[in-house]
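Comments concern the structure below.
Since every read-out is calculated from the coordinates, none of them should be taken as a lab result. These figures come from a predicted structure and were not determined experimentally. Because the Cβ atoms are built from the backbone with ideal geometry, glycine has one as well, and the counts that use them run over all protein chains shown.
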Amino acid sequence: MSRFPGFRMDGRWIRSMRGEKVPVDPFLPYGWFNERERTLSGDVKEVSAILLTNRECPYSCLMCDLWKHTTSETVPVGAIPSQIKYALEKLSPATSLKLFNSGSFFDPGAIPVEDYPQIASLLAGFENVLVESHTAFIGEEALEFSRMLNGRLQVAIGLESVHPEVLPRLNKGMTLDGFKKAVGFLQTNRISARAFILLRPPFLSEEEGVEWACKSIDFAFSCGVDICSVIPVRSGNGALDRLADEGFFQEPSIQSLERVIAYGIGLQKGLVFADLWDLERFSGCKHCFESRKERLNQINLTQEHMKPVECSY
Ligand code: SF4
Ligand SMILES: [Zn+2]
């Protein structure tokens, strides 16, 4: 069997595989929570995260399920500041804030540029602010927003995978050179960069998934990112379910995530985090799952190796 399917997996096909969106209110965020995270200065701080409701990302990546909580049209000016205000009133105090918008914060069709001053003033109390963006939107808007903030801006970019045959098939519309240039641009302007790295995207075996996630971490640090966040790929967006049915995709195991994180923190080139969201689905064993999750959580916070979890089941 070939590594890749015979049919075209372009944006049209990827979108045709999708199910229904979840109804959303443009004046309400679709999620908010606090978590603890290690910072670049080495201490562990309380971080607030807000999941903003806004227009669907114009890219249609093969593995993306973020479209589920988006609108079809750009939200009205004022809606994003209202969402942030609403969430901040509910969240307990934190020193850092993450604004996730299921796409690119600097996409003017997602977050209206007219809202930047009000957003920045709502964020005045935070030391660090993280937003996410595709490389194509990293430019003047990022600088403008960064200048308005009291705290330091960090931009998270999906590097996904440096595998030369897999990255183009993710339909991300991004090259490694584009990633490198975007990180260089941010660095020049004293904006921090974080990379999202996929663990076992489609078309890779479990072993290759580990190998290419490690290579992707190497590349991200060589470009100058401060943090790598490793995300195990999950099905559920339609396209990946279809690829799984046809034998081109399988979700990775929690043990593979453990291996990649051990590699990443061993480099000591920056912080490396395991994404713990929805982690249970990657565990085949109910006896050791909680211990494995807690161990990864501790590694995230300390960035130090820990004794592996042993399980006799
Ligand atoms: S660029 Fe990001 S948000 Fe947009 S489709 Fe790709 S993974 Fe999803
Ligand atoms: Zn077990």
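Tell me which of Asn189, Ile138, Leu28 sits at the most positive position along the dipole axis of segment 11-302, charges placed on C-beta atoms (Lys, Arg +1; Asp, Glu -1).
Most positive-ward Cα: Asn189.
Could you list the chymotrypsin sites (Phe, Trp or Tyr not before Pro) in segment 1-53 that lie in coil according to DSSP, counting only those with at most 15 other Cβ atoms within 10 Å of their Cβ?
On the way: sites: Phe7, Trp13, Phe27, Tyr30, Trp32, Phe33; in loops: Phe7, Phe27, Tyr30.
Here the sparse-neighbourhood loop sites are Phe7, Phe27.
Give the separation of the Cα centroids, segment 103-170 to segment 18-37, in Å.
One Cα centre to the other: 18 Å.
For Thr175, what is the net charge nearby, where nearby means another residue's Cβ is under 14 Å from its Cβ and Lys, Arg count +1, Asp, Glu -1? Before the final figure, lay out each step's value.
Values: positive: Arg169, Lys172, Lys180, Lys181; negative: Glu160, Glu165, Asp177.
Every neighbour counted, the sum reads +1.
Wrap a convex hull around the Cα atoms of segment 134-287, take a quarter of its surface area, and give that in square nanometres. Show your work: numbers first, answer last.
Details: hull surface 40.1 nm².
Mean projected area of the Cα convex hull: 10.0 nm².
Which of the three applies to segment 198-305, rounded, prolate or oblate, going by the alpha-carbon gyration tensor with a ≥ b ≥ c and a/c under 1.5 meaning rounded? Walk me through the numbers on the way to the answer.
Details: a/c = 2.20, a/b = 1.28, b/c = 1.72.
Because a/c hits 1.5 or more and a/b fails to exceed b/c, segment 198-305 counts as oblate.
Can you order the peptides 82-93, 250-261 by their average number of other Cβ atoms within 10 Å per residue, highest first?
Highest mean packing first, the order is 250-261, 82-93.
What is the local net charge at Leu186, summed over the other residues whose Cβ is closer than 12 Å to its Cβ (Lys, Arg +1; Asp, Glu -1)? List each step's numbers first, then the result.
Numbers: positive: Arg152, Lys180, Lys181, Arg190, Arg194; negative: Asp226.
Value of the local net charge: +4.
Answer with one residue from Leu167, Cys288, Pro108: the one whose Cα lies farthest towards the positive end of the charge dipole of the chain, charges on Cβ with Lys, Arg +1 and Asp, Glu -1.
Among Leu167, Cys288, Pro108, the one farthest towards the positive end of the dipole of the chain is Leu167.
What does the net charge come to around Arg152 if you take all other residues with beta carbon closer than 11 Å to its beta carbon, with K and R at +1 and D and E at -1? The partial results should precede the final answer.
Working: positive: Arg190; negative: Glu127, Asp226.
Neighbour charge sum, excluding Arg152 itself: -1.
With only Lys, Arg, Asp and Glu charged, each at its Cβ (+1 for the first two, -1 for the last two), find how big the charge dipole of the chain is about the Cα centre; round to the nearest 20 debye. Provide the component values of the computation, followed by the final result.
On the way: 34 positive and 40 negative charges, 34 e Å.
With only Lys, Arg, Asp and Glu charged at Cβ, the dipole is about 160 debye.
Across segment 11-302, how many lysine pairs, 8 or more positions apart or on different chains, have C-alpha atoms separated by under 17 Å? Please give the number.
The result is 9.
Name the helices (complete DSSP H segments) of the chain with a Cα length along the long axis of 15 Å or more and a Kyte-Doolittle mean of at least -0.5, or state none. Please report the intermediate quantities before stating the final value.
Values: long enough: 79-90 (17 Å, -0.18); 176-188 (18 Å, 0.22); 206-223 (26 Å, -0.08); 254-267 (20 Å, 0.91); 289-302 (20 Å, -1.21).
Length and hydropathy pass: 79-90, 176-188, 206-223, 254-267.
So what is the diffusion coefficient of the chain in µm² per second by Stokes-Einstein at 4 °C and 1.567 mPa s, using a Kirkwood Rh over Cα pairs?
Working: Rh = 20.0 Å.
Estimated diffusion coefficient is 65 µm²/s.
Of Ser72, Ser102, how do they rank once you tally other Cβ atoms within 10 Å and put the fewest first? Please report the intermediate quantities before stating the final value.
On the way: Ser72 8, Ser102 22.
Ascending Cβ contact count within 10 Å gives the list Ser72, Ser102.
Write out the cysteines belonging to the chain for which the nearest other cysteine Cβ is not under 4.7 Å, or none if no such cysteine exists.
Cys57, Cys214, Cys223, Cys228, Cys285
Remind me, relative contact order of the chain in percent, using alpha carbon pairs under 8 angstrom and six or more residues apart? Intermediate results must be reported in sequence, preceding the final value.
Details: 598 pairs, mean separation 47.2, N = 313.
15 percent.
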